[in-house]
1. Among the residues of region 36-60, count how many are surrounded by 14 or more Cβ atoms within 10 Å (Cβ to Cβ) and part of a helix (DSSP H, G or I).
2. Among the residues of region 61-73, count how many are of a type outside the set (Phe, Trp, Tyr) and surrounded by 12 or more Cβ atoms within 10 Å (Cβ to Cβ).
3. Across region 37-51, what is the number of residues that are over 15 Å from residue 22 (Cβ atoms) and at pLDDT 90 or above?
4. Report every pair of residues separated by at least 6 positions or lying on different chains whose Cβ atoms are under 9 Å apart, first residue within region 57-82 and without any contact (Cβ under 8 Å) to a residue 60 or more places away in the chain and within 16 Å of residue 12 (Cβ to Cβ), second among the β-branched types (Val, Ile, Thr) and in a helix (DSSP H, G or I).
5. Residue 76 fails exactly one of the following numbered conditions: (1) at pLDDT below 95; (2) in contact with a Lys or Arg (Cβ under 7 Å, 6 or more places away or on another chain); (3) of a type in the set (A, V, I, L, M, F, W, C). What is the number of that condition?
6. Restricting attention to region 15-35, report how many residues are at pLDDT 90 or above and either among the aliphatic types (A, V, I, L, M) or assigned to a loop (DSSP other than H, G, I, E, B) (or both).
Amino acid sequence: MIEAKLKELLKKTFIDSDITIINESHLHANHSSSPGTGHSHFKVIITLPKGMEKLSRLEKHRMANAAIDPLFDQGLHAISFTFKP
């Protein structure tokens, strides 16, 4: 399941972070570009440990996108990230 893999990959990159994943696929079910799998659109909230909050917003997004890149070939269609200190 993509949700479990998503969390696993992000945990490897953002060690000691609290990661919350919200499946928002149902909000996009009737969109023409949605694959209709029920596991394609996610919102991720990452609470960073001390020290990582110093990274720029761009650096955090690049790290997250690099970590999950393989999942786009497995049905992940859209994702949004929120980073908290």
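1. Summing the residues that are surrounded by 14 or more Cβ atoms within 10 Å (Cβ to Cβ) and part of a helix (DSSP H, G or I) in region 36-60 gives 2.
2. Going through region 61-73, the residues of a type outside the set (Phe, Trp, Tyr) turn out to be 61-71, 73.
Those left that are additionally surrounded by 12 or more Cβ atoms within 10 Å (Cβ to Cβ): 61-65, 67-68, 71.
Residues in region 61-73 being of a type outside the set (Phe, Trp, Tyr) and surrounded by 12 or more Cβ atoms within 10 Å (Cβ to Cβ): 8 in total.
3. Result for region 37-51: 3.
4. Matching pairs, first to second residue: 63/13; 64/13; 66/13; 67/13.
5. (2)
6. Pass one, region 15-35, residues at pLDDT 90 or above: 15-23.
Going one step further and asking which of them are either among the aliphatic types (A, V, I, L, M) or assigned to a loop (DSSP other than H, G, I, E, B) (or both), we end up with 15-17, 19, 21-22.
Qualifying residue count, region 15-35: 6.
The values are calculated or read from the model by the stated rules, or taken from the named source; none is laboratory data. What you see is a predicted model, and the numbers here were worked out from it, not measured in a lab. Note that we place each Cβ from the backbone using ideal geometry, even for glycine, and neighbour counts take in every protein chain shown.
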